[in-house]
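All remarks here apply to the structure that follows.
The values are calculated or read from the model by the stated rules, or taken from the named source; none is laboratory data. Small disclaimer: the values here were computed from a predicted structure and weren't measured. Ideal geometry is used to build each Cβ from the backbone, glycine not excepted, and the neighbour counts take in all protein chains shown. For accessibility, only protein heavy atoms count, side chains too; no ligands or nucleic acids. Shrake-Rupley method; radii C 1.70, N 1.55, O 1.52, S 1.80 Å.
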Amino acid sequence: MALDGIAWIESGVMATITATGEWHEESIACDVPNVIATEIGSTKAWLHSDSFDREVTRSQYSGSFYFEKQGNRVYFCTVNPKLRID
């Protein structure tokens, strides 16, 4: 099962998330589904971190997370996501 989506987050939360780790500006590498492509707009110049992906997924499933600071948005594309219980 694939789960793709977009969420809006507060700018303070965005700043906290992207303040640590290695982040790179890059294009979204996932195939954005047509039903949300208009909402996403340009897939270029989003922030991405492989280490953040690993931290969130804990290598239990495939997932990538891309952040856009201008719109305070996060785009996620996952395959077989699992509920995290900390």
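Pull out all pairs, ordered by first then second residue, where Cβ-Cβ is under 7 Å, the residues are six or more apart or on different chains, the first lies in the stretch 25-50 and is within 17 Å of residue 63 (Cα to Cα), and the second is open to solvent by less than 40 Å² (accessible area, probe 1.4 Å) and of a type in the set (Val, Ile, Thr). From residues that are within 17 Å of residue 63 (Cα to Cα), the pairs are 32/40; 43/28; 43/32; 46/28; 47/18. For a quick check of your reading of the model, give me the residue pairs whose first member lies in the stretch 1-24 and is closer than 18 Å to residue 54 by Cβ, whose second is assigned to a loop (DSSP other than H, G, I, E, B) and modelled with pLDDT of 95 or more, with beta-carbon atoms closer than 6 Å and at least 6 apart or on different chains. The qualifying pairs are 21/49; 22/49; 23/49. Taking the stretch 42-53 as the range and being surrounded by fewer than 12 Cβ atoms within 10 Å (Cβ to Cβ) and either modelled with pLDDT under 95 or of a type in the set (Ser, Thr, Tyr) (or both) as the test, the residues that pass are 42, 51. The selection criterion, being in contact with a Ser or Thr (Cβ under 7 Å, 6 or more places away or on another chain), surrounded by 11 or more Cβ atoms within 10 Å (Cβ to Cβ) and aliphatic (A, V, I, L, M), holds for residue 32.
When residue 36 is tested against (1) touching a strand residue (DSSP E or B) at 6+ places or on another chain (Cβ under 9 Å); (2) not in a helix (DSSP H, G or I), exactly one condition is not met: (2).
I'd like the residue in the stretch 5-16 that is of a type outside the set (Phe, Trp, Tyr) and out of contact with any Phe, Trp or Tyr (no Cβ under 7 Å at 6 or more places or on another chain) and, out of all such residues, is surrounded by the most Cβ atoms within 10 Å (Cβ to Cβ). Among those that are of a type outside the set (Phe, Trp, Tyr) and out of contact with any Phe, Trp or Tyr (no Cβ under 7 Å at 6 or more places or on another chain), it is 9.
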